[in-house]
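Enquirer: Attaching a single structure in structure tokens format; questions to follow.
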Amino acid sequence: MSVADRVFLETTRRLAPRRFAQEDVRAALQLAQVEPGKPIADLGCGYGRHLRELVQFGHRATGIDRSAFLLAEARLEAPAAPLVKGDLRALPLHQGTLAAAFCFYSSMFLGSEEDAAVALVEAARVLRPGGPLVLTTDNPLRLAANPRATAEHDLPGLGRIVEESRFDGTVDHVRKTVRFQSGEVLTADFHIRYYTPEALASIAYVAGLRFVRLHEPLTDATPQMIALLEK
């Protein structure tokens, strides 16, 4: 278990209500238009909050993540879903396995630009011809409009969470600190890469994917960017 995994779990699980994941999945499925029962995957499923909703919507979803710690939590969230430990840059799946794939909140873009490009190539490899890949991320236009932010939360039963972020136009540099009521303090840094629709279309094309459309037009007030790519 890494410190980053624990900080991610403790903060996200408490600050992201289930209805947020339900809304994310509903929007992603509207874009993907994949039939229930077809094999799909949640790439970078984390502790399973979106995977659980994919299963609830009747889909045969597999969760893939490189963190054994988070996959153990995902087993509790989505007990019916197969879980696979694997890196998004080298997916442990055969070519053409998936009818559709989903990636929620930048799991694919936590590394370098090369890492992101390789992850998209891998997603294209495991998708069937015409298969959709839906990417849900924070909106880079909104981040650019307010590049520095600090948020603090006092949560009963946990402690205090402080989140500081600085968006440099491409990467959001985020530091999260959890001060537990026990006195323990954990800090983790996250560096999350974001793409405008135009930049995403370009990197996707090189990977063998076609940018199709957004779920809704982007402004600097739109909370998320939800993009449909297709093999």
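Enquirer: Counting residues in the range 1-90 as N, plug N into 2.2 N^0.38 Å and put the Cα Rg over that result. Let's see the in-between values first.
Expert: Working: Rg = 12.7 Å, N = 90, 2.2 N^0.38 = 12.2 Å.
Ratio of Rg to 2.2 N^0.38 Å for the range 1-90: 1.04.
Enquirer: Quantify, in whole percent, the carbon and sulfur part of the accessible surface of the chain (1.4 Å probe; protein heavy atoms only).
Expert: 51
Enquirer: Still on this structure, I have one more. Could you give me the ³J(HN,Hα) list for the range 121-134, computed from phi with Karplus coefficients 6.51, -1.76, 1.60 and θ = phi - 60°, whole Hz, x at Gly and Pro?
Expert: Karplus-based 3J(HN,Hα) across the range 121-134 equals 4, 5, 4, 4, 4, 8, 7, 6, x, x, x, x, 10, 9 Hz.
Enquirer: How large is the accessible surface of residue 110 in square angstrom, using a 1.4 angstrom probe and rounding to the nearest 10?
Expert: Approximately 90 Å² of residue 110 is accessible to the 1.4 Å probe.
Enquirer: Where both residues lie in the chain, what percent of DSSP beta bridges are antiparallel, nearest 5?
Expert: Values: 38 of 54 bridges.
For the chain, the DSSP antiparallel bridge percentage is about 70.
Enquirer: On a C-alpha basis, how far is the centre of the range 146-203 from the centre of the range 1-62 in Å? Whole number, if you could?
Expert: Taking the Cα centre of the range 1-62 as reference, the centre of the range 146-203 is 19 Å away.
Enquirer: Starting from the Cα of residue 38, draw a straight line to each of the lysines and keep only those under 18 Å, dropping any in the same chain fewer than 8 residues away.
Expert: 231
Enquirer: Moving on to the next point. Per residue of the range 79-85, in order, report the coupling 6.51 cos²θ - 1.76 cosθ + 1.60 (Karplus, θ = phi - 60°) as ³J(HN,Hα) in whole Hz, putting x for Gly and Pro.
Expert: Result, ordered by residue: x, 8, 8, x, 10, 10, 7 Hz.
Enquirer: Something else now. Under 5 Å between amide hydrogens, which residues at least 5 positions from residue 167 or on another chain qualify, with H placed 1.01 Å from N in the peptide plane?
Expert: For residue 167, the qualifying residues are 148, 173.
Enquirer: Short version: ³J(HN,Hα) in whole Hz for each residue of the range 34-41, in order, from phi by Karplus 6.51 cos²θ - 1.76 cosθ + 1.60 (θ = phi - 60°), x for Gly and Pro, what are they?
Expert: 9, 6, x, x, 6, x, 10, 9
Enquirer: Highest first, please rank the peptides 169-178, 87-96 by the mean number of other Cβ atoms sitting within 10 Å of their residues.
Expert: 169-178, 87-96
Enquirer: Hey, any idea what Rg/Rh is for the chain, computing Rh the Kirkwood way over Cα pairs?
Expert: Here Rg/Rh amounts to 0.95.
Enquirer: Beta carbons within 10 angstrom, averaged per residue: use that to sort the peptides 206-215, 43-52, highest first. Walk me through the numbers before you get to the answer.
Expert: Numbers: 206-215: 15.9, 43-52: 26.4.
Top of the packing list down: 43-52, 206-215.
Enquirer: Right, next: Taking all protein chains together and a probe of 1.4 Å, list 138, 168 from the most accessible to the least accessible.
Expert: Greatest to least solvent exposure: 168, 138.
The values are calculated or read from the model by the stated rules, or taken from the named source; none is laboratory data. All of these numbers come straight from a predicted model, not from anything done at the bench. Because the Cβ atoms are built from the backbone with ideal geometry, glycine has one as well, and the counts that use them run over all protein chains shown. Ligands, DNA and RNA are excluded from the accessible area calculation, which covers all protein heavy atoms including side chains. Shrake-Rupley method; radii C 1.70, N 1.55, O 1.52, S 1.80 Å.
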